[in-house]
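Below is one structure, written out as structure tokens; comments come after it.
Readers should treat all values here as calculations from the given coordinates under stated rules, not as data from a laboratory. Since the model is a prediction, treat every value here as computed from it, not as a measurement. Positions of Cβ are generated from backbone atoms using ideal geometry, with glycine treated the same way; all protein chains shown enter the neighbour counts.
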Amino acid sequence: MEKSPKWALVTGASSGFGADFARALAEQGYNLVLVARRVEPMEELARELQQGRQISVKVLGMDLARPGIGIELLRRITEEGIAIDTLISNAGFGLFGDFIDQPLARTLDMLQLNVLALTEITHAFGGAMARRGAGRILLVASIGGYQATPTYAAYSASKSYVLLFGEALHEELKPRGVTVTVLSPGITATEFLKVSGQKATRYQRLVMMRSRPVVNIGLRALANKRASIVPGWINAVTAFSNRFMPRSVQRKVAFSLMRND
Ligand SMILES: NC(=O)c1ccc[n+]([C@@H]2O[C@H](COP(=O)([O-])OP(=O)(O)OC[C@H]3O[C@@H](n4cnc5c(N)ncnc54)[C@H](OP(=O)(O)O)[C@@H]3O)[C@@H](O)[C@H]2O)c1
């Protein structure tokens, strides 16, 4: 069997959604570049994905929360003779608690990754795709980006940026042959809560989704050239219901849903 010529880049591929994006894209015959800081889980994943498949999987252990990361990543991948057809910009994390009680450095690190690295990576790879007149980009935002979310103030604002940035790019890049889709998951069983430092609330335990169905919904939306998708009907209703509430009420509802019981 011939090797697939298509390449996908998945950021944050060492756990959670990223690992499942890699699995789903491998099943579709993509070669993969996996990027995150922890190399070992990605190498194990690479072995799993290549088993019985004619695909190549490359692992890059990199901290993406650094200025200049978009160009650096593009250079490292281009040097290997690889052109990325599908970018899954997924790496990110949240911080739970009152903003002023968080170490500022941790919040700035989060914004560097969730906002600036995502922007730089999209600029570098989106630019290369637009020059070729083809490509696909999926940006992982969050349902938290649909309203101000006390206890996740900076995180939810970072995801509002991803949501609006991605939806705007969807229109800008469409005539250049590049599809941009924003995936905004609700709470999902990954390492997210462990990293953010939150104990799941009763509401979160009730609505918690599994990672793979969320990934499948995101990839289907990308294939269907959708601008934006909120996976799961409860999450979709929650995001949609914001339209019927003033913002002063939206943030109070979000606050009550995030409180630990
Ligand atoms: N799970 C949820 O409930 C949920 C809901 C909405 C949105 N999201 C979003 O989904 C995305 C993926 O998160 P997840 O839920 O799958 O959580 P996760 O299991 O903690 O995965 C996060 C991924 O990001 C990578 N990452 C973190 N910091 C990094 C850095 N400085 N450089 C490179 N990679 C870094 C992690 O790898 P290393 O630690 O190895 O670097 C890991 O692979 C995030 O953008 C998150 O905000 C999650």
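Ellipticity at 222 nm from helices only: DSSP H runs of n ≥ 4 in the chain, each -39500 (n - 2.57), divided by the residue count, give -14500 deg cm²/dmol. Checking the a/c ratio against 1.5 first, then a/b against b/c, what shape does the Cα gyration tensor give for segment 104-167? Verdict is oblate for segment 104-167. Given their separation in residues at 0.36 nm each and the Cα-Cα distance between them, M245 and E79 gain 54.7 nm when the chain is fully extended. Here segment 7-258 carries DSSP beta bridges of which approximately 0% are antiparallel, counting only pairs with both residues inside.
FRET efficiency for the pair A200 and A130, taken as 1/(1 + (r/R0)^6) with r the Cβ-Cβ distance and R0 = 45 Å, rounds to 0.65. In this label model, D109 and E40 are separated by 1.9 nm, measuring between points 7 Å along each Cα→Cβ vector.
Out of residues 5 or more away from V180 or on other chains, whose amide H comes under 5 Å of its own, with H placed 1.01 Å from N in the peptide plane? Those qualifying (amide H under 5 Å, at least 5 residues apart or on another chain) are I137.
Dividing the Cα radius of gyration of segment 7-258 by its Kirkwood radius returns 0.95 for Rg/Rh.
Sparsely packed loop sites in segment 10-91 (the GluC sites (Glu not before Pro) outside DSSP H, G, I, E and B with at most 16 other Cβ atoms within 10 Å) comprise E80. Annotation for segment 188-223: trypsin sites (Lys or Arg not before Pro) lying in DSSP loop with at most 14 further Cβ atoms inside 10 Å of their Cβ are K199, R210.
Counted by neighbouring Cβ atoms within 10 Å, the residues M62, M110 run from fewest to most as M62, M110. For segment 177-183, the Karplus equation 6.51 cos²θ - 1.76 cosθ + 1.60, evaluated at θ = phi - 60°, returns couplings of x, 10, 8, 10, 10, 9, 9 Hz by residue, with Gly and Pro reported as x. Inter-label distance, D98 to V237: 3.4 nm, where each label sits 7 Å from its Cα along the C-beta direction.
Using the count of nearby Cβ atoms within 10 Å as a rough guide to exposure, how do L45, L206 rank from fewest to most? Spell out each step's value before the answer.
Numbers: L45 24, L206 10.
Fewest to most other Cβ atoms nearby, the residues stand as L206, L45.
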